[in-house]
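Presented below is the structure to which this report refers.
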Amino acid sequence: MPGITVEVARRSIYDHIEHDLGITIAMSKRTITVERAAELDRELLDLGDIDYLAVVTSQTFDAQGLLIERTQSRHRPDHFCFRDTAVRHRV
């Protein structure tokens, strides 16, 4: 993404994308899975005898459908909570 500086990152990368670059952020998709912990997970997350993690993968797209961000976070099950709110808009 052009123009990302430390100051932009401190302020808001999404604000930079939308206001400075004129890109419309249209939607994101999130997938939550449960995966066996890898060796690196064990090192970084102090898992003890925990064998599985909740893995959240997010993809964010612009108005043309182009992927502009992909993230993955890995969570211990004893520290993970999933909440969802669905609002139905009638046309």
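Entry for the chain at q = 0.13, 0.15, 0.24 Å⁻¹: log10 I(q)/I(0) = -0.66, -0.81, -1.11, Debye formula applied to identical alpha-carbon scatterers, no solvent contribution. Accessible area per residue for the chain is 79 Å², calculated with a 1.4 Å probe on protein heavy atoms, without ligands, DNA or RNA.
Counting only protein chain heavy atoms and rolling a 1.4 Å probe, the accessible areas of Arg36, Arg11, Arg88, Arg74 rank, largest first, as Arg88, Arg36, Arg11, Arg74. Could you tell me the calculated FRET efficiency between Thr33 and Ala9, based on Cβ-Cβ distance and R0 = 30 angstrom, to the nearest 0.05? Approximately 0.60, to the nearest 0.05.
The helix-only estimate of mean residue ellipticity at 222 nm for the chain, built from DSSP H runs of length n ≥ 4 each weighted as -39500 (n - 2.57), is -3500 deg cm²/dmol after division by the residue total.
The values are calculated or read from the model by the stated rules, or taken from the named source; none is laboratory data. Source: prediction; values computed, not measured. All Cβ positions, even for glycine, are placed from backbone atoms using ideal geometry, and neighbour counts span all protein chains on display. Note: areas computed on protein heavy atoms with side chains; ligands, DNA, RNA excluded. Shrake-Rupley method; radii C 1.70, N 1.55, O 1.52, S 1.80 Å.
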